[in-house]
Amino acid sequence: MKASGFTWKNLKRTPVADFHPRSHFYSRAPDRRVMKSPDSHVLDRLLRESYANSELHPILKRMVLRSTVAALRHVTPENYAEKCHGAALAIFMVLRSLRIRSTIVGGTVSWLFGGVDTAGLAWQTRSGFWSHNPALPTPHAWLVTEFGGLVDLTCSFFHMTWGRDQPGQLALDQIPIIWLKTEHLAKLPNLQYTPTARFRAVDLHNCDEMARQSVGRALMTFWGDPAMNALMEPSVEPETVLASLESREQLDMTILDSPQALERLGSHNTWVARNSVASNDHGLAAPPIN
């Protein structure tokens, strides 16, 4: 997306403890090779289930995303919606603090986007991020987790930047946060990711202050979340904690993270419906010029 100020040079692994406010929790994440020891708290159980199902638990997904959004809004309140590289970096580090491996992927992305103008006329066009920006390593950035989940947080802010540049619309598509396994992307034929670069490790010392602040704030928010305190409490009843968190998390944000979610959203989310039907892009109504 637009210039973020991040530096992606000399990429190498940096100890997460340098940036983690409570780094001892990182060492307590379950070893992916040994999953037989009893759970000491609910977080152990959620991570164990994540590895068993090859999918990060929905509660942890929402906590990761919520902490990243909070960090971006705190560090870059004026243009947080444009910080796809910063979001990818923050999510990468939060996942790593759980011993969940991921890869930051750079490249281009496009989709069909539409709305209704002030005259009540519907329109749609192909939108996304594919133009070269010399201040950025790639036009767009997202993640792919070790479980094969493609994570794109800032796409869900697209209507905000579009509405700013094209004011006066009666309605605009609302893109959900994407956390979808790559094999399910075929169900959205008009959504096209084209990777051109991959980063499996980062060196925060070579990033600017804004990058370090975004990562630090995301980690502090994630591990300081009251929900995390409940997950780390050894004496609580797991089912009670999970029921409480699941009821809260379901109302927190809209995530496209499964074929079931795609089917559910397709009935009322115009962006999901628009991108679920194959199109050759011919005959698209252009957005109005204000």
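With the simple spin-label model, which puts each label point 7 Å out from Cα in the Cβ direction, the Asp225 to Glu78 separation comes to 3.0 nm.
Of Thr154, Thr76, Thr221, how do they rank once you tally other Cβ atoms within 10 Å and put the fewest first?
Thr76, Thr221, Thr154
Give me the distance in nm between label points sitting 7 Å out from Cα along the Cα-to-Cβ direction at Ser131 and Thr182, one decimal. Between Ser131 and Thr182, the simple spin-label model gives 2.9 nm. A Förster radius of 30 Å combined with the Cβ-Cβ distance from Ser40 to Ser258 puts the calculated FRET efficiency at roughly 0.55. Ordering Met63, Met228 from the fewest to the most neighbouring beta carbons within 10 Å gives Met228, Met63.
Computed over all pairs of different Cα atoms, the Kirkwood value for the hydrodynamic radius of the stretch 101-218 is 16.1 Å. Scalar couplings 3J(HN,Hα) for the stretch 141-149, obtained by applying the Karplus form with A = 6.51, B = -1.76, C = 1.60 to θ = phi - 60°, are 9, 8, 10, 10, 7, 5, 8, x, x Hz; x denotes Gly and Pro.
Karplus-derived 3J(HN,Hα) values for the stretch 198-209, using 6.51 cos²θ - 1.76 cosθ + 1.60 with θ = phi - 60°, are 9, 10, 9, 8, 10, 10, 5, 5, 9, 9, 7, 4 Hz; glycine and proline are entered as x. In this structure, the amide hydrogen of His140, modeled 1.01 Å from its nitrogen in the peptide plane, lies closer than 5 angstrom to those of Gly107, counting only residues at least 5 positions away or on a different chain. If R0 is 41 Å, the Cβ-Cβ spacing of Ser279 and Asn206 corresponds to a FRET efficiency of close to 0.50. Using alpha carbon centroids, what distance separates the stretch 56-128 and the stretch 177-230, in Å? Here the two parts' Cα centres lie 8 Å apart. Apply 1/(1 + (r/R0)^6) to the Cβ-Cβ distance of Val236 and Ala171, taking R0 = 35 Å, and write down the FRET efficiency to the nearest 0.05. In this case the efficiency is close to 0.20. Given their separation in residues at 0.36 nm each and the Cα-Cα distance between them, Glu146 and Arg101 gain 15.7 nm when the chain is fully extended.
In square nanometres, what is one fourth of the surface area of the convex hull spanned by the alpha carbons of the stretch 76-140?
Average projection, Cα convex hull of the stretch 76-140: 6.6 nm².
Each value in this text was obtained by applying a stated rule to the coordinates, not by laboratory testing. On a predicted model such as this, the values are computed, not experimentally measured, just so you know. Every residue, glycine among them, receives a Cβ derived from its backbone with ideal geometry; neighbour counts consider all protein chains shown.
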